[in-house]
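Just below is one structure, and these are the notes that go with it.
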Amino acid sequence: MNCSPVVRHLGTLWPLALTALFALAGCGRQQQSDNNVINVASSDAKMNAAIDKARSTVAEFIAALRSPKPGQTGFSVKMAFTDRGETEHMWLASVRFDGQVFRGHVSNSPKNLSNVKAGDAASVARDKISDWMFTENRKLKGGYTIRVLRDAMPAAERERFDKNAPFVID
């Protein structure tokens with residue numbers, strides 16, 4: 001089965017969570033690859049629904065980003081990067097929003113792309129994001145693609161992920 005790399009999760013924002021999150025295997029759903037990349041088929045219905053949900057709820061993220069409450073931290077958006085037919089979705093940190101476009105810095109190192117690297121400035125229109133996330137008093141808000149991958153983990157992996165994650169998923 002041919003998988004396309006479409007999901008890159010958590011990056012340097014959540015290093016403890018990476019260990020557990022990337023322990024998945026099995027092409028067709030998710031497949032662990034080198035450099036903390038999980039390959040997900042571009043036709044994966046659950047992942048595509050998660051991306052749609054992130055896009056349809058981005059106003060919640062924007063409101064919190066513009067006026068964060070005490071305890072709200074770690075504001076990030078995920079976007080797709082493409083180079084030579086390869087696509088990887090990676091997180092942007094230090095996010096700002098100008099009313100149309102999110103701007104930030106890439107917080108992951110790509111596996112198969114040469115046109116972007118960790119730390120590069122990047123921007124994405126609000127209707128082109130793959131996901132958004134922040135924490136509120138350690139609870140994950142958004143992070144819909146993270147939730148899909150977590151839910152697909154075997155019970156022991158999910159337990160380890162939950163124990164090591166710097167946030168709680170309810």
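The values are calculated or read from the model by the stated rules, or taken from the named source; none is laboratory data. These numbers come from a predicted model, not from an experiment. Cβ sites come from the backbone with ideal geometry, for glycine too, and all protein chains shown count toward neighbours.
Looking at Lys111, is it part of a loop (DSSP other than H, G, I, E, B) and either surrounded by 15 or more Cβ atoms within 10 Å (Cβ to Cβ) or more than 15 Å from the chain's Cα centre (by Cα) (or both)?
Taking the combined requirement at face value, the residue satisfies it.
Only residues that are in contact with an Asp or Glu (Cβ under 9 Å, 6 or more places away or on another chain), farther than 21 Å from Thr57 by Cβ and basic (Lys, Arg): list them for segment 107-140, please.
Answer for segment 107-140, where residues must be in contact with an Asp or Glu (Cβ under 9 Å, 6 or more places away or on another chain), farther than 21 Å from Thr57 by Cβ and basic (Lys, Arg): just Lys111.
Looking at (1) of a type outside the set (S, T, N, Q); (2) closer than 22 Å to Ala50 by Cα; (3) part of a helix (DSSP H, G or I), find the lone condition where Lys163 falls short.
Every listed condition holds for Lys163 apart from (2).
How many residues are of a type outside the set (Asp, Glu), in a strand (DSSP E or B) and on the phi < 0 side of the Ramachandran plot when one looks only at segment 65-101?
Counting residues in segment 65-101 that are of a type outside the set (Asp, Glu), in a strand (DSSP E or B) and on the phi < 0 side of the Ramachandran plot gives 20.
Give me the pairs, please: first residue somewhere in segment 111-131 and under 11 Å from Trp91 (Cα atoms) and of a type in the set (D, E, K, R), second residue anywhere and surrounded by fewer than 14 Cβ atoms within 10 Å (Cβ to Cβ) and modelled with pLDDT of 95 or more, beta-carbon distance under 6 Å, and either six or more positions apart or on two chains.
Note: no pairs meet the criteria.
Between residues in segment 45-60 that are touching a residue at least 40 places away in the same chain (Cβ under 8 Å) and hydrophobic (A, V, I, L, M, F, W, C) and residues that are part of a helix (DSSP H, G or I) and crowded, with 20+ Cβ neighbours inside 10 Å, which pairs lie under 7 Å by C-beta distance while being six or more apart or on different chains?
Sorted first by the residue in segment 45-60, then by its partner, the pairs are Met47/Thr145; Met47/Val148; Ala50/Tyr144; Ala50/Thr145; Ala50/Val148; Ile51/Thr145; Ala54/Tyr144.
Could you tell me how many of the residues in segment 76-105 are closer than 24 Å to Thr57 by Cα and free of Cβ contacts under 8 Å to residues at least 40 places away in the same chain?
13
Do you know which residues across segment 38-64 are buried (at least 20 other Cβ atoms within 10 Å of the Cβ) and part of a helix (DSSP H, G or I)?
Matches in segment 38-64: Met47, Ala50, Ile51, Ala54, Val58, Phe61.
What about Arg126, is it within 23 Å of Lys46 (Cα to Cα) and of a type in the set (D, E, K, R)?
Yes.
From Asp131, Asp127, which residue is at pLDDT 95 or above, among the acidic types (Asp, Glu), buried (at least 21 other Cβ atoms within 10 Å of the Cβ) and under 23 Å from Arg147 (Cα atoms)?
Asp131 is the lone residue from the list that is at pLDDT 95 or above, among the acidic types (Asp, Glu), buried (at least 21 other Cβ atoms within 10 Å of the Cβ) and under 23 Å from Arg147 (Cα atoms).
Within segment 138-156, is even one residue in a loop (DSSP other than H, G, I, E, B) and modelled with pLDDT of 95 or more?
Looking for residues that are in a loop (DSSP other than H, G, I, E, B) and modelled with pLDDT of 95 or more, one finds at least one in segment 138-156, hence yes.
Just one of (1) within 15 Å of the chain's Cα centre (by Cα); (2) aliphatic (A, V, I, L, M); (3) under 22 Å from Arg158 (Cα atoms); (4) at pLDDT 50 or above trips up Ala45, so point out which.
All conditions are met except number (1).
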